[in-house]
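Single-structure report; data block below.
The values are calculated or read from the model by the stated rules, or taken from the named source; none is laboratory data. Please read these numbers as outputs of a predicted model, since none were measured by experiment. All Cβ positions, glycine included, derive from the backbone under ideal geometry; neighbour counts span all protein chains shown.
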Amino acid sequence: MKNYIVSLGYTHVRPLFKYLIVMKMVLVLLLALLVQARADVSAQTLTIKGKNMSLLQVFREIKKQTGYTVICNAEIISGAEPIDVSLKDKPLREGLSLLLPSQDLSYEILKKSIIIQRIEKPITVVDPTSNNRGDQERTVSGQVKTFSGQVLAGASVAVKKRAIEVKTDSEGRFTVSVKAGDKLSVSYLGYKTKEVELPLSGLLSIQLEELQSDIEEVIVSVGYGQQAKTHLTGSVAQVSSKEILKVPMFNVSQALVGKLPGVVFQQQSGQPGADGASMLVRGYGTYNNSSPLVLVDGIERSFQNVDPNDVETVSVLKDAAAAAVYGVKGAHGVILVTTKRGKNGVKPTFSYNGSVTASQNTQLPDFLNGTEYARWHNKANEMDGNKPWFSEEQIALMSNGDPSDGLENTNWQKEFLGHAAASTQHNISLHGGNENIRYFSSIGGMLQEGVVKDMRFERYNVRTNIDMNPNASWLLSLSLAGRLEDSYAPGSISYGKQALFNPISQALYMYPFLPFEYKGLPTGSSYMTLNPFAAAELSGFQEGKNALFETSGQLSYSPKYIDGLTVAFFGSFDRKYANSKSFSTPYYLNTFISETGTYSRTLSDGFLADGSLFQNSDNFSQLLVRPSVRYKMEIGKHDMEGLLLFEWQRGNSNTLFASRWGFPLRDLPELSLGQVFPPTPNAGMSDQSVRAGYVGRFNYAYDSRYLVEVAFRRDGSYKFPAHSRWGFFPSVSMGWILSNEQFWKDNIGEEHSFKLRGSAGLLGQDNVNPFLYRQYFNLSSSPVIALGDQLTQKFGLNSSSSYPSVDLTWEKTRTYNIGVETGLWSNKLSVEFDAFYKYTYDILQNIGNVYPSSLGGNFPTIENSGAVDARGMELQLRYRNHVGSLQYNISGNMSYAKNRILSIVETENIHPWQSLLGKSIGQRLVYIATGLYQSEEQLQNTPAPPGGGYKRLGDIIYKDLNGDGKLTRQDDMAVGTRPDLPELMYAFNVDLQYKGFDFSMMWQGSALNDILLSGMYDHGIPDNTIFTKAFYGNGYNSPRYLLEDSWTPEHTQARYPRLSLVPSGGNSLDSSWWIENGAFVRLKNAALGYTVPESTLKRFNIKSLRVFLAGSNLLTFAKFKYLDPESPSVHNGYYPQQRTFSFGTSLTF
């Protein structure tokens, strides 16, 4: 049955104390809400007048005047007679009661919707003494359920061709009188009507199939509003709360991976509180910042630590038509996060969602144990022509189980990183509402522990959203949210991928033949005094505390005398307080002296003798105001809507930094107790930013067939000089719904839908530091002033040698998009395809190396001269159906995006193989490796590595690209890698439901990208890593794969260079030899749940209860199997991604 929807348009005292405070705040708000919840629907009135009006016209008018959606079956519309209507200022309920009975219709108001149904007819009972057995009536009973086993209360059970209809009770049961030959028609709103043959005896068990949402029923969040998907002409992807909450995740970005076609996700760390996935919409669009604009409830905010339980939808605006209204920051996509709000017709409902999670590392290579290390180390010395370091007696001591002899078999990696971490998440919410007030409030908490002992991240969220209708014309919406974030990392050393004393790197570096302790002190290496446990447990700590308060409100007025007009004023104010503290303390180790095989008591490297404290405080506030006017109008088959608004935004930030050295009392890490002032003991700064913009948008639809949208934004940025401060960014898009054409209905059928759409537009970006159009000055004490015959040193301002760039303007992006949307067999199969092209020009780039140094820096250093284009496509498929009681939903999506650099500053006479023109952003210059030296002839006929390096059998051979017999960085490096960022992303989803059971899984993967195991470090020096050089550094431990596949005379067909302890400059170059394919596919998540039947829960006054088991990053398949395929390039150990296993429950009452 087709339905019409008439629509226009952990446990310790401190966290518990925090919980109690926040809960108190929420309960006060909820009490105020419940006091207001007695408001009545009578505030809504109707004024309708007309003759021979169709029922559809009347319903549309009701929607216009009240904002209520009218829902009914198509049969009601088609079978209704025209009516004369004369209503003036009639309350909504009274008006409906006057209009509907004449059509044998009744109504029910639920969830801001008016549900229209036929009036139940009385049961006609025939005399049982009748001699006509064919006319004899009998009683039939049964139960109506969904395929998942949920009972349907209030379902209609009608006897076909007779005026007999009954409703199912609260348990979905019914009894009806029938005659021989009768058939039953069973229907329920949102489900397919089912015709049932009558059995001779027994109870009927009837299962109804849920209707596939017609495209016109889907509401999508777009710029400054919502829009029915059927009328959408831009490229938008959206995911709902149901999809986000399938598997417990620690932040929203993790939950979105694989669910949004066109969005490239990368998660390169699993550290608690820093494990969010980076996101790019359609890949890189510029070699400056390509990050999308992220808005939470219409305000630019971070969403990584928003409680996933609070999120209603996440939409991604991908093309100019969708993103143009965001102008200055929308050039590379917009992500809209909408939080949950209360709904009309819902009684106060409490919900609880909670889970406990165990996590472990996904992939790290196996490293050598003590005896393996000793034997391989001796082999390497043999290869180098040196004596072995380890005797057979020492090797035997490593495995005797007695650490007191100073030698042992220790798996440092397993002991430091191998245990599982426990985490918990909990959220309680209350939502409900009526016609006059709707509310949603929630409180949530999360404790995420790390695989490194004592590392943790805590988050506490509270949110309240309220919508109030004092009368039919006014709407007041308020939103309040707060968040506390506490992070703690043991040790004062950074866990960054290239941090020198990173404790995770130390766990990999550590000599595996050392015991944990020797003679009462932690053991360590003589070089850099390595010991991961000492580094984490004895070197101090790092902690951060953030407090955020977010507010927003909107007052809207829709006058009765101007139908469709809405005037609104929106405002928001956010405040963030961020404080961090890092306390460093030195410690003593018993370090092993490799050359002598003895221990020495040593103070740890990298620390001040008496400790140091660094403390930082950041405060940020943001104010936004947005007045708007919106007008909707319908004239016959013409639907029109216009929007005008002004947006003004100001941000203020200030930072204060302080540090002290020398702490005699290490148990009191406070600044006032530091005895030594460092060279810069204190510092501070402040910053202010202002932006403004005007927005316009016009939408037109003719007969729900032809669609047009025109939008623009005029933006002003403080970053540019007055003559180029304002930019104008327009877009236009069109759509054609072919399936609403008569020829389509006649020849293909109404059960298939099809829409074409296209868009073009211009977007902007202010990717530049502010005030580059001004002369920069520095405050200095170096000027010497001659006053008479005296030379006096004074403070003064001097030019910083920067030259004003007075002609700077916006980066601009032209975007073109075409799309196809189709739904087949009543939307059982849906397909959505988009193809796009983006051209970004006037990219701001540094040109300082173009001018000679003789100018003394008196030249512009930046200009608008770069250009990049990108093209690609996105495909999304979904098929939904059932086999008996088994309902299944299979879906998949794929995204491809490739960019090219069209204009970039390069040195003159650059070699063609080094030019980045035509290459992709992220590709790197490397030496081209052709193999490993296998003969003396090869050694004699190829150039030595740069810097006079030597060559040996088993070392890497490099190609002399310019043929001059030398290898230099200037001539012999070429663009030889693919980008780190995948060009191809894909996902495959399966959802199954059988009675009360549900199962889901998602496979996700990427391709067309590379990972560099070794190469150029961030400090600008190329070198090996622990994953590419056996006994890297001062004889550090090594991955087993690296030793087993290193070149030796016995193993010449090796993957890795010559086994050696002697550093070889040639093997440490950033070269193509160290490139690994970054493609992978993994079982990203899976969940198995069971929903307890409603009949069981009813006696406990529980509406629903679901328990589940879930996991993430469960299986991974990649060509390079020793590291997680999303690991960063060129590192010596990082906080690895996590595999999680969760148990949880969802409860509603």
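Per-residue answers, yes or no, for (1) more than 31 Å from the chain's Cα centre (by Cα); (2) of a type in the set (K, R); (3) crowded, with 23+ Cβ neighbours inside 10 Å; (4) modelled with pLDDT of 95 or more:
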position	(1), (2), (3), (4)
E392	yes, no, no, no
P403	yes, no, no, no
N409	yes, no, no, no
H419	no, no, no, no
I428	no, no, no, yes
G432	no, no, no, no
S442	no, no, yes, yes
G445	no, no, yes, yes
Q448	no, no, yes, yes
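Report yes if some residue within the range 450-464 is among the acidic types (D, E), under 28 Å from the mean Cα position of the chain (by Cα) and at negative phi; otherwise report no.
yes
Just wondering, is there one or more residues in the range 1115-1132 that are modelled with pLDDT of 95 or more, over 30 Å from L1012 (Cβ atoms), within 25 Å of the chain's Cα centre (by Cα) and not hydrophobic (A, V, I, L, M, F, W, C)?
Looking through the range 1115-1132, none of the residues is modelled with pLDDT of 95 or more, over 30 Å from L1012 (Cβ atoms), within 25 Å of the chain's Cα centre (by Cα) and not hydrophobic (A, V, I, L, M, F, W, C).
Residue by residue through the range 188-229, note down the ones that are assigned to a strand (DSSP E or B), at pLDDT below 80 and in contact with an Asp or Glu (Cβ under 8 Å, 6 or more places away or on another chain). Full working, then the answer.
Our first condition is that a residue be assigned to a strand (DSSP E or B); within the range 188-229, this holds for 188, 191-197, 204-208, 210, 219-222, 225-228.
Retained after the next criterion (residues that are at pLDDT below 80): 191-192, 210, 219-221.
Matches in the range 188-229: Y191, K192.
Residues that are in a loop (DSSP other than H, G, I, E, B), buried (at least 22 other Cβ atoms within 10 Å of the Cβ) and touching a helix residue (DSSP H, G or I) at 6+ places or on another chain (Cβ under 8 Å): does the range 259-273 have at least one?
yes
Count, please, the residues in the range 424-473 that happen to be in a loop (DSSP other than H, G, I, E, B) and under 29 Å from R93 (Cα atoms).
Start the filter on the range 424-473 by keeping residues that are in a loop (DSSP other than H, G, I, E, B), which leaves 434-436, 450-455, 469-473.
Filter again for under 29 Å from R93 (Cα atoms), leaving 434-436, 469-473.
Going through the range 424-473 one residue at a time, the tally reaches 8.
May I ask you to verify whether S477 is surrounded by fewer than 21 Cβ atoms within 10 Å (Cβ to Cβ) and of a type in the set (S, T, Y)?
yes
Would you please list the contacts, defined by Cβ atoms under 6 Å and residues six or more apart or on different chains, that run from a residue in the range 575-594 that is crowded, with 16+ Cβ neighbours inside 10 Å to a residue that is in a strand (DSSP E or B) and β-branched (V, I, T)?
From the range 575-594, the pairs are L589/T602; N590/T523; T591/T602.
Grab the strands (runs of 3 or more DSSP E) fully contained in the range 927-1046, keeping just those with 2 or more residues being more than 30 Å from T286 (Cα to Cα). Before the answer, list the steps.
On the way: elements: 929-932, 956-958, 973-975, 984-994, 997-1007, 1010-1012.
Because the criterion is at least 2 residues that are more than 30 Å from T286 (Cα to Cα), the strands (runs of 3 or more DSSP E) in the range 927-1046 that meet it are 929-932, 956-958, 984-994, 997-1007.
Can you pull out the residues in the range 991-1046 that are touching a strand residue (DSSP E or B) at 6+ places or on another chain (Cβ under 7 Å), surrounded by fewer than 19 Cβ atoms within 10 Å (Cβ to Cβ), modelled with pLDDT of 95 or more and farther than 30 Å from A1087 by Cβ?
R1040, D1045
Taking the range 855-905 on its own, how many of its residues are of a type outside the set (D, E, K, R) and more than 23 Å from G758 (Cβ to Cβ)?
30
Just to be sure before I move on: is A534 closer than 30 Å to T410 by Cβ and under 27 Å from the mean Cα position of the chain (by Cα) in the structure I sent?
Values: closer than 30 Å to T410 by Cβ: yes; under 27 Å from the mean Cα position of the chain (by Cα): no.
So A534 fails the test.
In the range 1099-1137, what residues are closer than 30 Å to S1071 by Cα and not in a loop (DSSP other than H, G, I, E, B)? Break it down into steps so the answer makes sense when it comes.
Of the residues in the range 1099-1137, the ones closer than 30 Å to S1071 by Cα are 1116-1137.
Once the filter is applied, which keeps residues that are closer than 30 Å to S1071 by Cα and not in a loop (DSSP other than H, G, I, E, B), the range 1099-1137 yields T1116, F1117, A1118.
Looking at the range 155-162, can you tell me whether even one residue there is small (G, A, S), surrounded by fewer than 18 Cβ atoms within 10 Å (Cβ to Cβ) and assigned to a loop (DSSP other than H, G, I, E, B)? Spell out the reasoning first.
Keep residues of the range 155-162 that are small (G, A, S), which gives 155-156, 158.
Now drop any that are not surrounded by fewer than 18 Cβ atoms within 10 Å (Cβ to Cβ), which leaves none.
No; the residues of the range 155-162 include none that is small (G, A, S), surrounded by fewer than 18 Cβ atoms within 10 Å (Cβ to Cβ) and assigned to a loop (DSSP other than H, G, I, E, B).
Residues in the range 1060-1117 that are more than 30 Å from V926 (Cα to Cα) and not hydrophobic (A, V, I, L, M, F, W, C): how many? Break it down stepwise before answering.
First, the residues of the range 1060-1117 that are more than 30 Å from V926 (Cα to Cα): 1083-1115.
Add one more test, that the residue is not hydrophobic (A, V, I, L, M, F, W, C), and what stays is 1084-1085, 1089-1091, 1093-1096, 1098-1099, 1101, 1103-1104, 1106, 1111-1113.
Final tally of qualifying residues: 18.
Checking P1057 against (1) under 16 Å from I957 (Cα atoms); (2) assigned to a helix (DSSP H, G or I), which single condition isn't satisfied?
It fails just one condition, (2).
If you check F620, F646, F614, F657, which single one turns out to be farther than 27 Å from Y706 by Cα, surrounded by 16 or more Cβ atoms within 10 Å (Cβ to Cβ), under 30 Å from the mean Cα position of the chain (by Cα) and among the aromatic types (F, W, Y)?
Going through F620, F646, F614, F657 in turn, the sole match is F620.
Return only the number of the condition from (1) at pLDDT 95 or above; (2) surrounded by fewer than 22 Cβ atoms within 10 Å (Cβ to Cβ); (3) among the hydrophobic types (A, V, I, L, M, F, W, C) that A1110 does not satisfy.
The failed condition is (2).
So Y509 passes all but one of these: (1) over 32 Å from the mean Cα position of the chain (by Cα); (2) under 27 Å from V337 (Cβ atoms). Which condition number does it fail?
(2)
Yes or no, residue by residue, for (1) modelled with pLDDT under 95; (2) of a type in the set (A, V, I, L, M); (3) within 32 Å of the chain's Cα centre (by Cα); (4) outside any strand (DSSP E or B):
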{"residue": "F720", "(1), (2), (3), (4)": "yes, no, yes, yes"}
{"residue": "H723", "(1), (2), (3), (4)": "yes, no, no, yes"}
{"residue": "V732", "(1), (2), (3), (4)": "no, yes, yes, no"}
{"residue": "S739", "(1), (2), (3), (4)": "yes, no, no, yes"}
{"residue": "D746", "(1), (2), (3), (4)": "yes, no, no, yes"}
{"residue": "E750", "(1), (2), (3), (4)": "yes, no, no, yes"}
{"residue": "L756", "(1), (2), (3), (4)": "no, yes, yes, no"}
{"residue": "A760", "(1), (2), (3), (4)": "no, yes, yes, no"}
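Against the definition (surrounded by fewer than 16 Cβ atoms within 10 Å (Cβ to Cβ) and over 30 Å from the mean Cα position of the chain (by Cα)), how does F677 come out, yes or no? Steps first, answer last, please.
Numbers: surrounded by fewer than 16 Cβ atoms within 10 Å (Cβ to Cβ): yes; over 30 Å from the mean Cα position of the chain (by Cα): yes.
Yes; evaluated as a whole, the condition is true for this residue.
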